[in-house]
Amino acid sequence: MLRRHPWLFSGAVAQATGDGSDGHAEVLDAAGRPLARGAYSPDSQIVARLWCFDGRAPGAELFRERFAAARRLRAQVLSPETTGFRAVNSEGDLCPGVLLDVYGDAAVLELTTEGTQVWRAELEIAARAVFEPTRLVVRETGTTRDQGRPAAREAGEDLAPFLENGLRFVADLGSGQKTGFFLDQRENRSRLRALARGKSVLNLFSYSGAFSVAALAGGAERAVDVDSSEAALRLARENRRANGLPAAEADFLQADVFDDLRRRVEAGERWDVVVCDPPAFAKKRADVERAARGYKDVNRLAMSLVAPGGWLLTCSCSGLVDADLFQKIVFSASVDARAPFALTGRQGAGADHPVALDCPEGEYLKGLWLSRLQ
Ligand code: SAH
């Protein structure tokens with residue numbers, strides 16, 4: 001507690017009193033002295049997410065202050081050419097269990113724990129007051145009540161337009177994928193755009209094709225999106241058109257990436273740039289070994305497709321696979337692929353996804369920029 005880690009695990013609690021129905025948890029030490037206050041999630045392993053260690057209590061005033069501080073940080077690190085960004089990043093903004101993504105005039109407030117869901121009304125008021133969105137969508141993902149999909153909307157029905165480094169995108173507020181867009185990859189897209197001129201780009205697990213849009217805007221000769229979701233590929237076509245970029249039907253492939261990669265390797269294809277940004281393969285600790293095999297397979301296949309002198313951007317957003325382990329997996333994939341690569345950079349999420357030093361678990365996205373040596 002003295003180290004201010006914001007997660008209180010149920011195993012660390014000797015005794016609990018009260019029913020916690022107001023969402024508030026007050027943590028006391030063995031002598032009954034108050035240590036911290038936070039949001040109570042009785043059904044979670046992390047039974048409380050701690051917001052205050054200084055005697056203050058979460059509530060309307062504190063929410064407003066913390067959101068305002070988060071807003072000031074964004075104002076310093078984002079350009080006016082970027083109107084889609086993460087405005088509040090849970091522990092990284094001292095708001096454990098609360099995410100707020102802004103997409104132009106719209107905003108999505110995601111409450112990721114039971115406790116913060118109880119505070120919904122006050123959090124909504126604070127979000128409206130500080131960020132002044134024209135439209136605020138709230139998602140509750142902390143319980144089974146909402147599995148991440150707002151009930152009233154279907155994929156592709158509720159689109160919020162915004163800019164990322166001057167490029168036009170839409171967030172699909174009804175898709176159930178994140179809050180509708182992968183804002184955490186902005187920095188990697190911008191790196192790709194800077195090196196894409198004249199290159200062929202294979203964009204694996206493309207979702208709405210944002211990497212391809214960035215590459216084509218940077219002068220890529222061609223970019224192909226591969227995703228298993230038809231709805232995602234529909235958005236990908238839209239995103240290219242919105243930026244006046246070519247959208248040939250052959251550049252959108254609905255397929256399982258693993259099958260598609262095997263076909264391409266067999267056909268002896270070569271690409272200048274391959275982007276590999278799969279969904280989190282490990283969602284719980286028991287998944288880590290299987291996830292490691294998945295990352296190794298997909299990277300081995302992807303590496304075989306990269307032309308000598310070309311690039312692989314390989315990513316993992318599984319928090320449970322840490323940066324060291326991910327790099328080891330990728331190394332062993334390169335041995336199996338018999339393809340020598342050099343690491344030229346590591347790039348995770350941007351400054352709108354701050355990570356509290358007290359809570360390093362908040363850093364989940366790893367991106368390795370690998371250059372094929374021969
Ligand atoms: N790179 C994207 C985000 C990827 S999210 C961006 O920057 O926006 C992961 C995507 O992988 C989702 O769109 C999901 O539909 C897709 N997906 C998951 N498993 C897949 C598989 N086995 N084959 C193809 N696509 C898959």
Calculated FRET efficiency, Arg33 and Ala121, Cβ-Cβ r, R0 25 Å, to nearest 0.05? 0.20
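Find out how many positive minus negative residues lie around Pro354, taking Lys and Arg as positive, Asp and Glu as negative, among other residues whose Cβ is under 13 Å from that of Pro354. Walk me through the numbers before you get to the answer.
Values: positive: Arg66, Arg71, Arg72, Arg74, Arg86; negative: Glu91, Asp93, Asp184, Asp352, Asp358, Glu363.
Here the count lands on -1.
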What number comes out for the charge environment of Arg262, summing +1 per Lys or Arg and -1 per Asp or Glu over other residues with Cβ under 12 Å away? -3
Computed [θ] at 222 nm, helices only, for the chain once each DSSP H run of length n ≥ 4 contributes -39500 (n - 2.57): -9000 deg cm²/dmol
State, to one decimal in nm, how far the label point of Asp324 lies from the label point of Ala255, with both points 7 Å from Cα in the Cβ direction. 3.8 nm
antiparallel share of DSSP beta bridges within segment 252-374, to nearest 5, in %, is 70 percent
Fewest to most neighbouring Cβ within 10 Å: what's the order for Ile329, Ile46, Ile125? Ile125, Ile46, Ile329
Counting DSSP beta bridges in segment 153-229, what percent are antiparallel, to the nearest 5? 55 percent
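Can you list which of the GluC sites (Glu not before Pro) found in segment 57-112 are DSSP loop residues with at most 13 other C-beta atoms within 10 Å?
Values: sites: Glu61, Glu65, Glu81, Glu91, Glu110; in loops: Glu81.
Sites meeting the loop and neighbour criteria: Glu81.
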The set of residues whose placed amide H lies less than 5 Å from the amide H of Val274, leaving out same-chain residues fewer than 5 positions away, is Leu202, Trp311, Leu312, Leu313
Distance in nm between Arg56 and Arg270 label points, each 7 Å along Cα→Cβ, equals 5.9 nm
Using a basic spin-label model with each label point 7 Å from the Cα along Cα→Cβ, how many nm lie between Arg128 and Leu373? 5.9 nm
Find how many whole Å separate the alpha carbon centroid of segment 328-347 from the alpha carbon centroid of segment 65-111. 34 Å
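Quick one: work out the % antiparallel among DSSP beta bridges in the chain, nearest 5.
Numbers: 40 of 63 bridges.
Taking every DSSP beta bridge within the chain, about 65 percent pair in antiparallel fashion.
Between Ala75 and Glu230, what FRET efficiency comes out of the Förster formula 1/(1 + (r/R0)^6) with R0 = 51 Å and r the beta carbon distance, rounded to 0.05? Provide the component values of the computation, followed by the final result.
Numbers: r = 38 Å, r/R0 = 0.75.
It comes out at approximately 0.85.
None of the figures in this text is laboratory data; all of them are computed from the coordinates on show. Quick caveat, the model's predicted, so the values are computed rather than measured. Using ideal geometry, Cβ is built from the backbone for each residue, glycine included, and neighbour counts are taken over all protein chains shown.
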